[in-house]
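Novice: Handing you this structure, nothing more for now.
The values are calculated or read from the model by the stated rules, or taken from the named source; none is laboratory data. Predicted model only: the values in this text are computed from it and were never measured. All Cβ positions, glycine included, derive from the backbone under ideal geometry; neighbour counts span all protein chains shown. Side chains are part of the model used for accessible areas, which takes the heavy atoms of the whole protein and leaves out ligands, DNA and RNA. Shrake-Rupley method; radii C 1.70, N 1.55, O 1.52, S 1.80 Å.
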Amino acid sequence: MQSRLKNLSLRVKIIALLVGMVSVSLGSYLWISKRLVVEDKVSYIYEFNLAQVRAAAEAIESQLESVRSAARLGADVKLRSETEFAAFEKSVFAQLGVSSVTYFEISKAGEWTALSGGSASARELNEYGWTPQWLKQKGVAVGFSRSGALPLGFWVETHGGKGLGCLAKIKLNGRAVEASSTNVEIHLVDSMGRASLTSTKLLGEDGGKTAMVLEKELMQGSFAKGVREWDFNGRSYIVGYERLKSSGLLVLSYLPKSAAYEAVARLIQRTSVLGLSVLFLALGLTILFAKGVTQRLRQMWAVTKKVSEGDFSVRVQTRQSNPQSSDEVESLAHSFNSMAEKIDELMAATAEKARMEKELETAQAVQSRFFPEGTFSHANMRVGGAYAPASGCAGEWWQYGQGGDFL
């Protein structure tokens, strides 16, 4: 593996290095961004779900308080005149979404007795479990209903100090039971853990029945509001809830987790596309940069190959005349050209020196042939000589000396 890496070209190594660095940096950025986005989005989704619950709870509390105030006034009107109460019912109660109102007094036996003119009976109060003592202590109660009208129980006292029970059936306004998003489902649960006016457009009938277990658990829990996750039939939901203090009604908001994180998935997808675009752009720029650098190095390699073959006249093309203001590769080209020029000069000087030495050897050989190879002998005379050149070839030194008598 290492040998294969060593055999890779410089261009490939540079591209791999730069692309690897960009990929690691971009990958780290995407990973960190994804975690931050997801964490931030989780917080946003929880807050959004709580806001849905809070909006529904405020709308219900406002409507309940308005109906309760009207029930107090209506009790005095009811005891005073049935005709005035009929007008009061049409004008005031109708505007508050109240479809019917029935007042009850407590008999000597301690049971509910309906006043005349009401459409409800004492049996209905007993079915809800609203005994006179319990409703008097509670003040406000919400009953169970799936018919579209929510039963409300109130304990009211007239100006004369008489206590009456009131059963009003109201239709909650759209802000209370309809969420601002089609992916959110609002549930209402009474104080006994029964779902009232609950839509099952997202959960379905089976999901609504299964959710009652969770709703009873939240109703009996110690926290008045919060957010938690709930799984049903392979799907996950984010459930926000809040328990109303005045009526004990539990308001819940169901949001599918897949729908909640759909925006996160789109954001991550867009970020990934952007990251890949940056990566491809970096790859293109890296290839252009590496091509420019390696092309000049390849040119230098070709020139050095010619120099190794004995051609010292070749030079590397340079872009700038001043090597001090160039980059490292350009400076290397200038240095190589300077070295080639010096080698060329050295080779010329070496050739000239070799030529001179050859001429000296030739002159020395010629001069050495001018002298006899041995001594001259005669019966009456002997001639002798010695030859010692001062250098390879630079002239001779002559000197004579007197010998003894030869005659």
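Novice: Probe radius 1.4 Å, ligands and nucleic acids left out: which of Tyr103, Tyr128, Tyr44 has the largest accessible area, and how do the rest follow?
Specialist: Largest accessible area first, the residues go Tyr44, Tyr128, Tyr103.
Novice: Count charges around Ala120 for me, please; just the other residues with Cβ under 15 Å from its Cβ, Lys/Arg as +1, Asp/Glu as -1.
Specialist: That works out to -2.
Novice: Continuing with the same structure: Ser313 accessible area, nearest 10 Å², 1.4 Å probe?
Specialist: 80 Å²
Novice: On to the next question. Return the distance in nm (one decimal) between the two label points of a simple spin-label model at Lys209 and Ser121, each offset 7 Å from Cα along Cα→Cβ.
Specialist: Modelled inter-label distance: 3.0 nm.
Novice: Whose amide H sits under 5 Å from the amide H of Leu150, counting only residues 5 or more places off or on another chain, with H placed in the peptide plane?
Specialist: For Leu150, whose amide H was placed from the backbone, the distant partners under 5 Å are Ile170, Lys171, Leu172.
Novice: While we're looking at this one, here's another question. With a 1.4 Å probe and all protein chains kept in place, how much accessible area does Met381 have, in Å² rounded to the nearest 10?
Specialist: Estimated to the nearest 10 Å², Met381 gives 100 Å².
Novice: Given the protein chains as shown and a 1.4 Å probe, how many square angstrom of Leu214 are accessible, to the nearest 10?
Specialist: Estimated to the nearest 10 Å², Leu214 gives 10 Å².
Novice: Along the Cα→Cβ direction, 7 angstrom out, place labels at Lys90 and Lys342. What is the inter-label distance in nm?
Specialist: Roughly 11.8 nm, to one decimal.
Novice: May I pose another question? Working with all protein chains in place, sort His159, His187 by solvent-accessible area computed with a 1.4 Å probe, largest first.
Specialist: His159, His187
Novice: For the range 236-241, in order, what is each residue's ³J(HN,Hα) by Karplus, 6.51 cos²θ - 1.76 cosθ + 1.60 with θ = phi - 60°, in whole Hz (x at glycine and Pro)?
Specialist: 10, 10, 9, 10, x, 8
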